[in-house]
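Working notes for the structure below.
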Amino acid sequence: MATTIATAEPTRRDMLFIATGAVAAVGAAATVWPFIAQMNPDASTLALSSTEVDISAIAEGQIVTVKWRGKPVFIRHRTKKEIQEAEAVALDKLPDPQPDSARVKKPEWLVVIGVCTHLGCIPLGKQGAFDGWFCPCHGSDYDLSGRIRSGPAPRNLEVPEYAFLSDTKIKIG
Amino acid sequence: MKLKLALFAAALTGAMGMGAPALAADAGHAEVHKQSWSFAGAFGHYDRGQLQRGFKVFREVCANCHSANLLAFRNLAEPGGPQFSEAQAKELAAQYKVKELSDKTGDVEERPARLSDRWPAPFANDIKAREAMGGSLPPDMSVLAKARTYHRPFPLFLIDALPGFSYQEHGVDYIVALLNGYKDEPPAGQKLDAGQSWNDIMPGNRIGMAKPLADGQVDYTDGTPATADQYAKDVAAFMMWLAEPKLEDRKRTGFRVVIFLAVLAGLLYATKRRIWAKIPH
Amino acid sequence: MSGPSQYVPKNALARWLEARLPIIGFTYDSFVAYPTPKNLNYWWTFGAILSFMLIAQILTGVVLAMHYTGHTSMAFNSVEHIMRDVNWGWMIRYLHANGASMFFLAVYIHMARGLYYGSYKAPREVLWILGVVIFLLMMATAFMGYVLPWGQMSFWGATVITNLFSAIPLVGDAITIWLWGGYSVDNPTLNRFFSLHYLLPFMIAAVVALHVWALHVVGQNNPAGVDIKDVEKDSVPFTPHATMKDMVGVAVFFILFAWFAFFVPNYLGHSDNYIEANPLVTPAHIVPEWYFLPFYAILRAIPSKLGGVIFMFASIAILVVLPWLDTSRVRSAVYRPIYKIFFWLFIVTVIGLGYLGSQPPEGGAVIAARILTAWYFIHFIVVMPLLGLFEKTKPVPASINDAVLAKNGGERVAAAAPAQ
């Protein structure tokens, strides 16, 4: 009888210890989550995640910078010549091949996030060898479609999610 | 702790120039009563219909003078609140104008409000509000339901904290009582200044807000009686949500936390007993 | 803590580390092998509860500081922003605000336990004084934290408490202006309080480390009030025995904490603090948070500005000299029948002062506060020294083991009696 107790008890004992430890671990994990989640964008920040822009006053050839989610967005009213130039580029010359048509909703309007895909600087408009943008930080050169042509940046300027609400109004985000 | 006999008694006593015992006899009618609220207690939750009605009263009556600077239009569509649809909230927002500095002209211009905008205040600032209101400042309503209370005598104030009896709704009780506490005429011998009304609940009894609610003033479409008393309750409930928008989330999470801790404590106790089983202590 | 470590490294890596930084051995000796009196009751779990509360306050506080804005024009709304918009912000803020109350509740129980069982007596004087230092730091931290939401009570509490320093002769006004960084409580005050409110908890943590160090040098007191004589018979290893009992205490205490934070989160607060600070309007009735009420009552009981301030600070400072005021040779109230009565009388006095601190200072309340204030000091200055000289104490057990045997023996007899 002494032996049965000796073998039975450690098992029940172990079960209890494992159960307690497991419940405590679940509790610790559940407690950690709010402390991590609190650093995610809060409700007021999320509510601001779309911006409406009136584009009627942007003249042909002009670039306007608007702020969206704390970052600059370039809206470029391209001229006919610029559109032709951007469409004529052979894709095999591009480090990040993308046709111009995949980067615009209406050819005369180019909307890109104005953040260099290299390390986050703001490229300067109408500068560089391709008349697009030139990043002064490390010399990345973008063309009239915001595509990377030379320099250290790995990708084209990002196109944000946007929609034409009317001919003169776009909603970014 | 909430031993706040003082606040109203002191104010009333001071204003009326009487001793406390005399006051108790005279102002027996000026008591705030506990109401029945759907959101009271450990499992309480808001009544959506009530919040929507309360919002209507707020919008049509209160908001003419009171600001609610912490209320954003998006809040009206968020879970745990009146829960209008997002389309409804957007449509509502579009009916209001907010001021914004124009990128183009550099002037402050008006544009229709969006979901992310806050409820526009009726007055540009406190000075303008006072000027329009004959010297009184209508307080911002955002957290008003938590900024008001009334005295709960011993032992009620202790019972208010206890599981099963917990009661935190003193602010909304006070608001209902205040809205119902108007008298057409001050008691004999009491004088009111211009723009003042007599209110049994207001500390000092003189209130700058004219009686705001009257029967039939706001249309209810859901069959709820359109009485001043019902308006007061509905708008108070709305104000509670305005002050405590995460109340439902809080109570739901709290229930889980307490259950979890109880299970953990039980297991820990069993474990502790096992460990100490062979040690006399 | 002293002597060679009992820890034997089991693998090469541990041996390597141990030869360079004996941190595993240190932890093992302090928190695993450390001999704990086997007769500790649940009142002894409050040390662990307080450690957990300190950690909880620091964690929630660091998070709140990520979202809070320390400027008079934005502080109130930034707290409401936390309550409304920040993910889980409402929970973290209510945990922090109620955590302060729970922290004080636990520290008062911890201190009362020390008073009852004579834990301040030799050789634990330094341990006790470090505890008083922690208590003072906690009070400073809580006071400054209460200013941060920038409500009416924040502002007027800060105004009243900082004005206490103006009672100091000659330099009082200069000190007050220095504290404020201006001519009233304003933005510079709010900013420095925010900075110090963030700093002080880490100082508390440092003093807690000293407190624990001192504890491990002299060993834990226990209900019998006799020290460990035979480690085998009188003590158990800290882990798992004391650790697991502590965890039970922590879990149960956290149920209470959760109840307040989730179901009655504003019960311990003041509704006026949901009105943004207004330097031109004083609330009808200013009361501090509940944990300051006894001291507030003492402040108001003395009919002189400087006197009130002196007595209020003296009411805490007197704890520092308590080890020398108590002349009894017996530690634990279990064997001190008269002290036991005076202990409970003292507890009632403090609770009574707390109640009076919440009442308007009028009529009978003032007289009652004066009587209780007088008793508060008489307890320390007169009762404690005299009791030691005249009290007839009960026989103290020779060892912890004897105390346990006596207790269990008594129970066994009592349990056996009905069966016969």
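Just so you know, all these numbers are worked out from the coordinates, no wet-lab data involved. Not measured: the values here are computed from a predicted model. Neighbour counts run over all protein chains shown; Cβ positions are idealised from the backbone, glycine included.
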Taking a ≥ b ≥ c as the square roots of the eigenvalues of the Cα gyration tensor, with a/c under 1.5 meaning rounded and otherwise prolate when a/b exceeds b/c and oblate if not, the stretch C:287-405 is prolate
Trypsin sites (Lys or Arg not before Pro) restricted to the stretch C:153-257 and DSSP loop, no more than 14 other C-beta within 10 Å: C:LYS229
Phi angles of the stretch B:85-92, converted by Karplus (6.51 cos²θ - 1.76 cosθ + 1.60, θ = phi - 60°) into ³J(HN,Hα) in whole Hz with x for Gly and Pro, give 6, 4, 4, 4, 5, 5, 4, 4
Report, by chain and number, residues whose modeled amide H sits under 5 Å from the one on A:ILE55, excluding near sequence neighbours (fewer than 5 apart, same chain). A:LYS169, A:ILE170
Sort C:VAL252, C:VAL281 by Cβ crowding within 10 Å, fewest neighbours at the top. C:VAL281, C:VAL252
What are the principal axis extents of the Cα atoms in the stretch B:110-187, in Å, biggest first? 53, 43, 18
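Helix-only mean residue ellipticity at 222 nm, chain A, DSSP H runs n ≥ 4 weighted -39,500 (n - 2.57), per residue, nearest 500. What is it? Spell out each step's value before the answer.
On the way: 3 runs with 50 residues, N = 173.
Mean residue ellipticity at 222 nm (helix-derived): -9500 deg cm²/dmol.
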For A:TRP68, the residues 5 or more places away or on another chain with a placed amide H closer than 5 Å to its own amide H are A:VAL73
Between A:ILE63 and A:ASP96, with labels modelled 7 Å along Cα→Cβ, what's the label distance in nm to one decimal, could you check? 1.5 nm
Mean projected area (nm²) of the alpha-carbon convex hull when the stretch C:340-388 is viewed from all directions: 3.2 nm²
Please tell me the relative contact order of the stretch C:1-90 in percent, rounded to the nearest whole number, where contacts are Cα pairs under 8 Å and at least six residues apart. 17 percent
Cα shape, the stretch B:84-125, gyration tensor, a/c 1.5 rule: oblate
Based on alpha-carbon centroids, what's the gap between the stretch C:196-230 and the stretch C:262-318 in Å, whole number please? 29 Å
For chain B, using Cα atoms only, the Rg and Dmax in Å read 23.4, 84
Taking 8 Å as the Cα distance limit and 6 or more residues as the minimum spacing, I'd like the relative contact order of chain C as a percentage. 22 percent
Take the eigenvalues of the Cα gyration tensor for the stretch C:93-212, scale each by 5, and report the square roots as semi-axes in whole Å, largest first. 30, 18, 13
Would you please name the trypsin sites (Lys or Arg not before Pro) within the stretch C:1-61 that are DSSP coil residues with at most 11 other C-beta atoms within 10 Å of their C-beta? C:LYS10
In deg cm²/dmol and to the nearest 500, what is the mean residue ellipticity at 222 nm of chain C if only DSSP H runs of at least 4 residues count, each as -39500 (n - 2.57), divided by the residue total? -21500 deg cm²/dmol
Using Cβ counts within 10 Å as a stand-in for footprinting exposure, how do C:TRP16, C:TRP290 rank, fewest first? C:TRP16, C:TRP290
Per residue of the stretch A:37-53, in order, report the coupling 6.51 cos²θ - 1.76 cosθ + 1.60 (Karplus, θ = phi - 60°) as ³J(HN,Hα) in whole Hz, putting x for Gly and Pro. 4, 4, 7, 5, x, 7, 4, 6, 5, 4, 5, 8, 6, 10, 9, 9, 10
Value at 222 nm in deg cm²/dmol, rounded to 500, when DSSP H runs of n ≥ 4 in chain B each add -39,500 (n - 2.57): -12000 deg cm²/dmol
The stretch C:76-94 residues near the modelled B:ASN69 label - backbone nitrogen below 18 Å, point 7 Å along Cα→Cβ: C:76-85
Helix hunt in chain C: which complete DSSP H runs extend at least 18 Å axially by C-alpha with mean Kyte-Doolittle at least 0.0? C:46-67, C:89-116, C:125-147, C:187-218, C:243-263, C:305-325, C:337-358, C:364-378, C:400-416
Could you bin all the Cα-Cα distances of the protein assembly as shown into 10 Å bins starting at 0 and give me the percent of pairs in each, rounded to whole numbers? 2, 10, 16, 19, 18, 14, 11, 7, 3, 1, 0, 0
Compute the distance from the alpha-carbon center of the stretch C:47-111 to that of the stretch B:80-120, in whole Å. 33 Å
Spelling out what I want: for every residue of the stretch A:114-123, take phi, set θ = phi - 60°, compute 6.51 cos²θ - 1.76 cosθ + 1.60 (Karplus), and round to whole Hz; glycine and proline get x. x, 10, 4, 6, 6, 9, x, 6, 9, x
Using unit Cβ charges (K, R positive; D, E negative) and no other charged atoms, how large, in debye to the nearest 20, is the dipole of the protein assembly as shown about its Cα centre? 2580 debye
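Show me the three semi-axes of the equivalent ellipsoid for chain C, from the C-alpha gyration tensor (sqrt of 5 times each eigenvalue), largest first, rounded to whole Å.
40, 29, 21
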Longest segment of chain B with no trypsin sites (Lys or Arg not before Pro) in a DSSP loop having at most 12 other Cβ atoms within 10 Å? B:1-103
Under the rule a/c < 1.5 gives rounded, and otherwise a/b versus b/c splits prolate from oblate, where does the stretch A:46-172 land using the Cα gyration tensor? oblate
Please return the longest stretch of chain A lacking exposed loop sites, where GluC sites (Glu not before Pro) count only if DSSP places them in a loop and at most 15 other Cβ atoms lie within 10 Å. A:1-59
Springs between alpha-carbon pairs under 10 angstrom, Gaussian network model over chain A: which of A:THR79, A:THR31, A:THR11 fluctuates most? A:THR11
